[in-house]
Amino acid sequence: MERASKLRSILVAATLSACILCLTSWSIETDRSTELKHGLFEIREEARRFVAQENASEHEQWNVLEPNAKVLVPRCAVPLQTQWTPKSLGRSKPSVMVVCPDAVPNAVMKRWDVHVPVERKTHHP
């Protein structure tokens, strides 16, 4: 019994070490879309395209921040859509809503939206 407990402890320690290595090498830059999931990199890039168009046509200038790293959504079957997140959704800070109106068939969701935070660009004199 004691031997099984020691082996279990070793296995847990090794698994935790592997998880920590995975987490330290993870970034938005490496979180790309696969056949099954839509990557945060592509979601952020879509928000950046939207903000670049808005910055070109509006008086305010915005920077796109990182989407929440905990977000995991299925692959979108159609091109992503973007818009400013409506204030009626109650978010405390401005954000861009990246919308997938039709996800690839899965057991979790048919559509999704991810809110990517933005901040006003600071102007240095």
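The values are calculated or read from the model by the stated rules, or taken from the named source; none is laboratory data. Everything numeric here is computed off the predicted structure, so don't read it as measured data. FYI the Cβ positions are ideal-geometry reconstructions off the backbone, even for glycines, and counts take in every protein chain you see. The area values use the complete protein model at the heavy-atom level, side chains included, leaving out ligands, DNA and RNA. Shrake-Rupley method; radii C 1.70, N 1.55, O 1.52, S 1.80 Å.
Here are the numbers for this structure:
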| item | result |
| --- | --- |
| Residue that is nearest to the chain's Cα centre (by Cα), among those in region 70-103 that are part of a loop (DSSP other than H, G, I, E, B) and over 17 Å from Glu46 (Cβ atoms) | Lys70 |
| Unmet requirement for Leu80, which otherwise passes all of (1) touching a Lys or Arg at 6+ places or on another chain (Cβ under 9 Å); (2) open to solvent by less than 50 Å² (accessible area, probe 1.4 Å) | (1) |
| Number of positions in region 90-100 that are open to solvent by 50 Å² or more (accessible area, probe 1.4 Å) and in contact (Cβ under 8 Å) with a residue 24 or more places away in the chain | 3 |
| Cross-chain or 6+ apart pairs with Cβ under 7 Å, region 51-75 first and closer than 13 Å to Trp112 by Cβ, then open to solvent by less than 40 Å² (accessible area, probe 1.4 Å) and polar (S, T, N, Q) | Arg75/Ser33 |
